[in-house]
Amino acid sequence: MRCLLITGAAGFIGSHTSLVLLNAGYKLFLLDNFSNSSPIALERVGRLSNLSNEKVKERMTIVNGDIRDFSLLENIFLSAEKNGEKIISVFHFAGLKAVGESFEKAFDYWDNNVGGTIALLKAMEKYSCRSIVFSSSATVYGTKNNKALIETDPISPINPYGLTKATIEKMLANIAGCHSTRVAKQTSPRGWRIACLRYFNPAGAHPSGEIGENPKDIPNNLFPLINQVAIEKKESITIFGQDWPTPDGTGIRDYVHVMDIAEGHKAALDTLISSNPQLLIINLGSGEGTSVLDLIKIFKLSIGIDIPYRFGPRRNGDTAISLANPGEALKFIKWKAKRNIEEICRDSWNWQHQNPMGYK
Ligand code: NAD
Ligand code: WQD
């Protein structure tokens, strides 16, 4: 049986991707320390899959632990080997991801994100697993951009979180024997199969409303905040700036449905395992921009709920526009986003109103 190790599997993107990979016939080792997630997400992934309860037990091994724990990682690879199985690839979602927090807890971000990835890569090398799909971020491009971003654009992150992602990309390129993180596709002379997927703004939820985004702390991102206003946990949204150089003066982002992101991971794996060793660095975005004011209007049209807002000052570190050029994703992994912004609004709301307390 073909096995995969998924780190950060219970998180927002990990849970949706685990579902796609389970339905694609893989056996999964699901590793999470649940620092920002709940084991209930993984129970629901099993239930949502097209497998019987018995098959779910056979195909999902949940491990509660930390990616920095090398002996735990060894045990996972060894337990596959003991069954005569092999982990053919790793999907690496585990990490800390809050931009603001990364300034206050920079050491934790370097330790968790970079330190954790080093432990993981060492274990992979020891057990001859040389394939990894890594969760990178559009944050690596920095803020000096007002056009659709392409993989060859300069890398200039402006916060510790983004710096950890850019550093991991560089480390992966180095391990693969490649020279640049500004090329979408390079051959790996060292026999590694690696995809760094730069997500833009993942949002939405599985259409069942059973799994979705479950921030443990007070959310900072627009989608969870809009949903909290819709569910009357919060009174209004503060729009950060009304004088950006955009048609309506508010920030434009490339929101991409989390199920599209999940399918992008499978597309990346399919490409990696069917090609010669290579390093891929790919934007996962829809290529469509939506401003904050547009989003509030679309939410009202799709869900029927008004989102009260007021304008506040610009947020530090924000940019006017963050938009993907998704051309290389189509070319190299044959992926493009299929779901539109209305579906993102509908599915994120569906999740929120079915689970007002998240997984609690
Ligand atoms: P998330 O916080 O929901 O998921 C991350 C998961 O990793 C959580 O379940 C958490 O408990 C786990 N985790 C954290 N540190 C761990 C450790 N040391 N050992 C084991 N488990 C650990 O985040 P997400 O939104 O699903 O993001 C997944 C990945 O994608 C992250 O690496 C994030 O940086 C990246 N990313 C996210 C976004 C976004 O907007 N959601 C955008 C770009 C990139
Ligand atoms: C979207 C737009 C805000 C909140 C973040 C990370 C990025 C990546 C994805 C991980 C912007 C505006 C927001 C609010 C507002 N994550 N806004 N009022 O900043 O594009 O990206 O998530 O890799 O690294 O930075 O997303 O949802 O915070 O903001 O007006 O209360 O909404 O100014 O224009 P962002 P966001």
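The values are calculated or read from the model by the stated rules, or taken from the named source; none is laboratory data. None of the values given here were measured: they were computed from a predicted structure. Virtual Cβ from ideal backbone geometry, glycine too; neighbours counted across all protein chains shown. The area values use the complete protein model at the heavy-atom level, side chains included, leaving out ligands, DNA and RNA. Shrake-Rupley method; radii C 1.70, N 1.55, O 1.52, S 1.80 Å.
Looking only at residues that are over 14 Å from Ile321 (Cα atoms) and more than 13 Å from ligand 1 (Cβ to nearest atom) in the range 124-146, which one is most open to solvent (accessible area, probe 1.4 Å)?
Among residues in the range 124-146 that are over 14 Å from Ile321 (Cα atoms) and more than 13 Å from ligand 1 (Cβ to nearest atom), the one most open to solvent (accessible area, probe 1.4 Å) is Lys126.
Where residues in the range 22-37 are assigned to a loop (DSSP other than H, G, I, E, B) and touching a helix residue (DSSP H, G or I) at 6+ places or on another chain (Cβ under 8 Å), which of them is surrounded by the fewest Cβ atoms within 10 Å (Cβ to Cβ)?
Taking the candidates together, the pick is Ala24.
Out of (1) within 30 Å of Lys266 (Cα to Cα); (2) more than 12 Å from ligand 2 (Cβ to nearest atom); (3) open to solvent by 20 Å² or more (accessible area, probe 1.4 Å), the odd one out for Asn221 is which?
All conditions are met except number (2).
Scan (1) within 20 Å of Arg198 (Cβ to Cβ); (2) aliphatic (A, V, I, L, M); (3) in a helix (DSSP H, G or I) for the single condition Ile282 breaks and write down its number.
The failed condition is (3).
For the range 1-20, enumerate the residues that are closer than 21 Å to Ser128 by Cβ and either near ligand 1 (Cβ under 7 Å from one of its atoms) or not basic (Lys, Arg) (or both).
Those that are closer than 21 Å to Ser128 by Cβ and either near ligand 1 (Cβ under 7 Å from one of its atoms) or not basic (Lys, Arg) (or both): Met1, Cys3, Leu4, Leu5, Ile6, Thr7.
Quick check on this structure: which one of Glu263, Glu235, Glu213 is buried (at least 20 other Cβ atoms within 10 Å of the Cβ), within 14 Å of ligand 2 (Cβ to nearest atom) and of a type in the set (D, E, K, R)?
That would be Glu213, the only listed residue that is buried (at least 20 other Cβ atoms within 10 Å of the Cβ), within 14 Å of ligand 2 (Cβ to nearest atom) and of a type in the set (D, E, K, R).
Here are the criteria: (1) within 16 Å of ligand 2 (Cβ to nearest atom); (2) of a type outside the set (S, T, N, Q); (3) modelled with pLDDT of 95 or more. Tell me which single one Ile6 does not satisfy.
It fails just one condition, (1).
Pick out the one residue from Val183, Val229 that is more than 16 Å from ligand 1 (Cβ to nearest atom), touching a residue at least 40 places away in the same chain (Cβ under 8 Å) and open to solvent by 50 Å² or more (accessible area, probe 1.4 Å).
Sole residue among the options that is more than 16 Å from ligand 1 (Cβ to nearest atom), touching a residue at least 40 places away in the same chain (Cβ under 8 Å) and open to solvent by 50 Å² or more (accessible area, probe 1.4 Å): Val183.
Sort through Arg346, Arg310, Arg315 and tell me the only one that's open to solvent by 40 Å² or more (accessible area, probe 1.4 Å), part of a helix (DSSP H, G or I) and more than 18 Å from Lys185 (Cβ to Cβ).
Residue meeting the stated conditions: Arg346.
Here's a check for you: in the range 38-72, which residue that is assigned to a loop (DSSP other than H, G, I, E, B) and open to solvent by 80 Å² or more (accessible area, probe 1.4 Å) is nearest to His16 (Cα to Cα)?
Out of the qualifying residues, it is Asn50.
Yes or no: the range 327-334 includes at least one residue that is closer than 19 Å to Pro224 by Cα and either within 16 Å of ligand 1 (Cβ to nearest atom) or open to solvent by 40 Å² or more (accessible area, probe 1.4 Å) (or both).
Taking every residue of the range 327-334 in turn, none turns out to be closer than 19 Å to Pro224 by Cα and either within 16 Å of ligand 1 (Cβ to nearest atom) or open to solvent by 40 Å² or more (accessible area, probe 1.4 Å) (or both).
Looking only at the range 293-302, filter to residues that are open to solvent by less than 40 Å² (accessible area, probe 1.4 Å) and more than 16 Å from ligand 1 (Cβ to nearest atom); which one of those is farthest from Asn227 (Cα to Cα)?
Leu293
Out of (1) charged (D, E, K, R); (2) at pLDDT 95 or above; (3) within 15 Å of ligand 1 (Cβ to nearest atom), what's the single condition that is false for Asp306?
Unmet for Asp306, out of (1) charged (D, E, K, R); (2) at pLDDT 95 or above; (3) within 15 Å of ligand 1 (Cβ to nearest atom): (3).
Could you list, in sequence order, all residues of the range 167-180 that are of a type in the set (Gly, Ala, Ser) and surrounded by fewer than 16 Cβ atoms within 10 Å (Cβ to Cβ)?
Once the filter is applied, which keeps residues that are of a type in the set (Gly, Ala, Ser) and surrounded by fewer than 16 Cβ atoms within 10 Å (Cβ to Cβ), the range 167-180 yields Gly177, Ser180.
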